[in-house]
Amino acid sequence: RALAEYLDSGLYHSRAMALKKWFNAPTGLDGLLEVLRNGHRTAPELFVYKEPFLSLAPEFVFDALPDAQVVYIYRDGRDVANSLVCSYDVLTDEKLTHLRSSEMRLGRPYDHRYVPWWVEENRDEAFIESPPYVRAIWMWKYMVRRCHDAFAERARARPDQVLQIRYEAFMAHPHATGRALLEHVGAAPNRAFDRRLAQAHTDSIGKYRRRDPEEVAAAEAVARDELALHGYLHPEPHEVS
């Protein structure tokens, strides 16, 4: 309903908003003439909605938009946790004192802090005693496990609905991956898309290695199964008796 209201809002029926949108993302002279002539923008044939936190409940996507084409981009959880901590300062002790952050709208009281709902109930103390980096990969492991299970189930009914992309492969081969992405959503390439792909780089891959090795080892211990599931770590060897 929120997406339908957005597409039916003044953002598409206002000439001023249409001109502003064209200025921020010019679509050529034809696009400008259409705005000036019609006084509004034509509703798009393709609408892309990006929301990483849908990974916490991927089934919701299929309930709300059963015919949507889903693009799931996953990345090494050690780099994800590093980015979350360095760029967004997530899951600090201060942010655990309330339930207003996007990472934790629900939680269990511990002391003056809360433990997020996505932490296993018998791991509260271990989570609280962990640094934000380890807490961040804890969230990542829940997200990727939920997506793995949900998309595997969905594939049995709609095998072509979800395109799974490995972030590291995307950055290393942006144009080949980009073509597969466009084909999946039924869109044609254009110069703007090619320019965006040309900006892809691998500089951010492996940044977690700059962190304290002990902290990284603790993060790997928390998310080892999920890191192994996605090919970022070898699975824990099992003893043979």
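Between amide H atoms placed 1.01 Å from N, distances below 5 Å from V115 occur with R108, Y110, all of them 5 or more places distant or on a separate chain.
Simple rule: put +1 on each Lys or Arg Cβ and -1 on each Asp or Glu Cβ in segment 122-241, find the dipole, and look at A157, I128, H234; the Cα lying farthest toward the positive end is A157. A straight chain from L229 to I73 at 0.36 nm per residue would run longer than the Cα-Cα distance by 54.7 nm.
Solvent-accessible area of R179, all protein chains in place: 150 Å² (probe radius 1.4 Å, heavy atoms, ligands and nucleic acids excluded). Of the GluC sites (Glu not before Pro) in segment 98-190, the ones in a loop by DSSP (not H, G, I, E or B) with at most 14 other beta carbons within 10 Å are E120, E129.
If eta is 1.306 mPa s and T is 10 °C, what Stokes-Einstein diffusion coefficient results for segment 196-239, Kirkwood Rh from Cα pairs, in µm²/s? Using the Kirkwood radius from Cα pairs, D works out to 128 µm²/s.
A Cβ-based charge dipole, computed about the Cα centre of segment 36-191 with Lys and Arg at +1 and Asp and Glu at -1, lands at about 600 debye. Close amide-amide hydrogen proximity is noted between Y72 and L163, Q164, I165, each under 5 Å apart and 5 or more residues distant or on a separate chain (H modeled in the peptide plane; Pro and chain starts excluded). For segment 75-127, relative contact order (Cα pairs under 8 Å, six or more residues apart, normalised by length) works out to 22 percent. In the context of the full set of protein chains, segment 128-241 has a per residue accessible area of 62 Å² (1.4 Å probe). At an R0 of 25 angstrom, the distance between the Cβ atoms of A64 and M171 translates into a FRET efficiency of 0.25. The convex hull of the Cα atoms of segment 156-241, projected and averaged over all directions, covers 9.1 nm². In order along segment 160-175, the phi-based Karplus estimate (6.51 cos²θ - 1.76 cosθ + 1.60, θ = phi - 60°) of 3J(HN,Hα) comes to 9, 7, 10, 9, 9, 10, 7, 3, 5, 5, 4, 5, 6, 9, x, 6 Hz; Gly and Pro are listed as x. Shown in residue order for segment 130-135 are the 3J(HN,Hα) couplings computed by the Karplus curve 6.51 cos²θ - 1.76 cosθ + 1.60 at θ = phi - 60°: 7, x, x, 4, 5, 4 Hz (x for Gly and Pro).
The values are calculated or read from the model by the stated rules, or taken from the named source; none is laboratory data. Only a predicted model underlies this, so the values are computations on that prediction, with no experimental measurement involved. Every residue, glycine as well, gets a Cβ built from its backbone with ideal geometry; the counts of neighbours run over all protein chains shown. Ligands, DNA and RNA are excluded from the accessible area calculation, which covers all protein heavy atoms including side chains. Shrake-Rupley method; radii C 1.70, N 1.55, O 1.52, S 1.80 Å.
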